[in-house]
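Enquirer: Have a look at the structure that comes next, please.
The values are calculated or read from the model by the stated rules, or taken from the named source; none is laboratory data. Every value quoted in this text rests on a predicted model; they were computed, and no experiment measured them. Note: ideal-geometry Cβ built from the backbone for every residue, glycine included; neighbour counts use all protein chains shown.
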Amino acid sequence: MIKNLDQKILAYSLKNAVEHEGKASANSVLNSLFHEGLEKKDIKKVMLIIQKTVKEVNGLSLDGQKNKLVESEKEISHRTEREGLPELPKVGKKGVISRMCPSPSGPLHIGHALTLLPNFLYSKKYSGKFYLRIEDTNPENIHKPAYQMLKEESGWLCKEDVEVIIQSERMPLYYDYVEKLLDKKAAYICTCDSEKFKELSLKSKACPCRELGKEEQTKRWNKMLGKGKEKFKEGEAVVRFKSDLKDKNPAMRDFPLARINETEHPLQGKKYRVWPLMNLAVTVDDIELGMTHIIRGKDHKDNAKRQKMIYKALGKEKQYPWVGFIGRMHFKDLELSTTKMRKGIEEKKYSGWDDPNLLTIASLRKKGYLPETFWKLTEQRGISEADKILDKKEFYHLLDILQQKNSKN
C-alpha cells in the first residue's frame, strides 16, 4: 500500500479541485495515485477513501482549497514531463515498420488516434514506415463512407506520411496462406456443430475433423470456396488452426481462421464467399508487410498469442514483431462507439460525424485542434497498460494546454 495514503489522497484531491474551479473528480485522483504505485487489487478499498475525501474537499471554498493545498503539496510527486516517446527495443537497420487497423464501421475517433499515433510516431522517430490497414473482411459491419473518412483523417493526423491498405483487396493472399497452413497440417476444415465443438474443446478433446487426411481437407476447402457442384452453406464449415488442446485458456484451443459469409460486400460485391477472420488476416498482412513493432490495446493480448502461434506454424517465428500494449482512455460522459454514434446521427441526435458533442477526429479538427496536439498527448501518455478515466471537461482542459504549448513552439 502507498505510504501516507490519506495525505496523498487529500493532496491530489485539493490539486484537482483547484485546477477545476473548486470541483475535484474522484477518478482523476485515482489516476494520479497510479503514478504513486497504486496496485489494481487495492482500487476498491482506496476508492472509498477517495470519494469521502473528494466530498470534503468539494465542500470547501476555492480559497480554502488553495490554502490547504499549500500545506499538502509536499505529498504530490512532480514528474518530469517527457519529451518524445521512450526508446523501443529491437530496432534494426530498417527502422520501425508499424500499423494500426481500424474497421470501416465509422470514422476515426480519439480512441483510435491514441492507438494509431504511438505506432506512427515510432515509425517516424526511427525512419521506418507506417500503414493504416482497413480491416473490412466482415461484410456485415461496414459503413461505406468510412473508407474515405479513414484515409483523410489518418492522412491529417500523420501529415500524409501513411500508406493505406484495404484488406478486402488482398483476398487471394489470405486464401494462399490457408492452403499453406493446410499443407503443413497446421489447420483443418471443421464441419462440426458449434455447440458440439465447444463441448469437446472444453474437455480438451479433438473434434472428428482434426485428423482427416490432406485429400479430404482440400476437398472441404474447395467446397467452402464454392468450387465444383457441391458447396457448403453458411455455418456448415470453418477453417480452424491446430493449437494446443490442453491450453489453459479454452478460447485458445483450435480457434477459427476463416468462415463462409455470403453477405454482399460494399467493395467486392459477391466476388468472395469465404472471409478470413481477424487473426488470420492480421498475421498474413504483418508477415507480408514486414512489421517490426506493433503497439495495440491490452485487450488484444490473447490475439497476439494466437498470431504468434500462426507465425510459428509457418516457420516464421523469428520474424514475429515486438509487441507493446497500452491501456484505454475511458470517457465518463462521451460516446466512443462508432455504431452508437452512427445510430445517433440517423436519429438526429447528432448533426453529423463532426458534431461538437462527439470525440471524432472530424469534430476535434473542426474545433481547431492541430495534429501536433494529439502527438503531444500521445507522448505524454507514453506506453502504459494503465487505463485512464476522464470526463469531457478534463479532456478538453488537457487538450487546450497542449494546444497552447504547440502554438508557442
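Enquirer: Identify, from the list 107, 86, the residue that is closer than 24 Å to residue 297 by Cβ, surrounded by 18 or more Cβ atoms within 10 Å (Cβ to Cβ), touching a residue at least 60 places away in the same chain (Cβ under 8 Å) and not hydroxyl-bearing (Ser, Thr, Tyr).
Expert: Unique residue meeting the criteria: 107.
Enquirer: Check residue 270 against each of (1) without any contact (Cβ under 8 Å) to a residue 60 or more places away in the chain; (2) within 22 Å of residue 249 (Cβ to Cβ) and name the one condition it does not meet.
Expert: Every condition holds for residue 270 apart from (2).
Enquirer: Which residues, counting only those in the stretch 373-409, are within 14 Å of residue 118 (Cβ to Cβ), polar (S, T, N, Q) and in contact with a Leu (Cβ under 6 Å, 6 or more places away or on another chain)? If you could, list the steps in order and put the result at the bottom.
Expert: Start the filter on the stretch 373-409 by keeping residues that are within 14 Å of residue 118 (Cβ to Cβ), which leaves 374-385.
Retained after the next criterion (residues that are polar (S, T, N, Q)): 378, 380, 384.
Of everything in the stretch 373-409, just one residue is within 14 Å of residue 118 (Cβ to Cβ), polar (S, T, N, Q) and in contact with a Leu (Cβ under 6 Å, 6 or more places away or on another chain), namely 378.
Enquirer: Any idea which residue in the stretch 387-399 is nearest to the chain's Cα centre (by Cα), counting only those that are at pLDDT 85 or above and not charged (D, E, K, R)?
Expert: 395
So that you can scan it fast, the table gives a plain yes or no per residue for (1) of a type outside the set (S, T, N, Q); (2) under 27 Å from residue 95 (Cα atoms):
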position	(1), (2)
123	no, yes
135	yes, yes
152	yes, yes
163	yes, yes
181	yes, no
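Enquirer: Which residues, counting only those in the stretch 292-308, are surrounded by 20 or more Cβ atoms within 10 Å (Cβ to Cβ), in contact with a helix residue (DSSP H, G or I) (Cβ under 8 Å, 6 or more places away or on another chain) and of a type outside the set (Lys, Arg)?
Expert: 293, 294, 295, 307
Enquirer: Has the stretch 155-163 got at least one residue that is in the same structural domain as residue 312 (by TED's automatic domain parsing) and at positive phi?
Expert: Among the residues of the stretch 155-163, at least one is in the same structural domain as residue 312 (by TED's automatic domain parsing) and at positive phi, which makes the answer yes.
Enquirer: Scan the stretch 270-278 and give yes if some residue there is surrounded by 15 or more Cβ atoms within 10 Å (Cβ to Cβ) and of a type in the set (Ser, Thr, Tyr), otherwise no.
Expert: yes
Enquirer: Might you check whether a residue that is in contact with a Leu (Cβ under 9 Å, 6 or more places away or on another chain) and among the β-branched types (Val, Ile, Thr) occurs anywhere in the stretch 232-253?
Expert: Among the residues of the stretch 232-253, at least one is in contact with a Leu (Cβ under 9 Å, 6 or more places away or on another chain) and among the β-branched types (Val, Ile, Thr), which makes the answer yes.
Enquirer: Looking only at the stretch 15-54, which residues are touching an Asp or Glu at 6+ places or on another chain (Cβ under 8 Å), assigned to a helix (DSSP H, G or I) and closer than 17 Å to residue 393 by Cα?
Expert: Passing the criteria: 15, 27, 28.
Enquirer: Can you list the strands (runs of 3 or more DSSP E) found entirely within the stretch 317-409 that contain at least 2 residues being closer than 22 Å to residue 19 by Cα?
Expert: Details: elements: 322-326, 329-331, 388-390.
Per the criteria, 329-331, 388-390.
Enquirer: Among the strands (runs of 3 or more DSSP E) lying completely within the stretch 151-242, list those that include at least 1 residues that are buried (at least 18 other Cβ atoms within 10 Å of the Cβ) and basic (Lys, Arg).
Expert: Of the strands (runs of 3 or more DSSP E) lying wholly inside the stretch 151-242, those with at least 1 residues that are buried (at least 18 other Cβ atoms within 10 Å of the Cβ) and basic (Lys, Arg) span 238-241.
Enquirer: Which one of these does residue 357 not meet: (1) surrounded by fewer than 17 Cβ atoms within 10 Å (Cβ to Cβ); (2) within 22 Å of residue 300 (Cα to Cα); (3) out of contact with any Lys or Arg (no Cβ under 6 Å at 6 or more places or on another chain)?
Expert: Only one criterion in (1) surrounded by fewer than 17 Cβ atoms within 10 Å (Cβ to Cβ); (2) within 22 Å of residue 300 (Cα to Cα); (3) out of contact with any Lys or Arg (no Cβ under 6 Å at 6 or more places or on another chain) is unmet by residue 357, namely (2).
Enquirer: Here is a list: 250, 266. Which entry is in contact with a helix residue (DSSP H, G or I) (Cβ under 7 Å, 6 or more places away or on another chain) and not aliphatic (A, V, I, L, M)?
Expert: 250
Enquirer: Within the group 46, 54, which residue is closer than 24 Å to residue 21 by Cβ and in the same structural domain as residue 25 (by TED's automatic domain parsing)? Quick ask: steps written out before the conclusion?
Expert: Values: 46 fails: closer than 24 Å to residue 21 by Cβ.
On inspection, the qualifying residue turns out to be 54.
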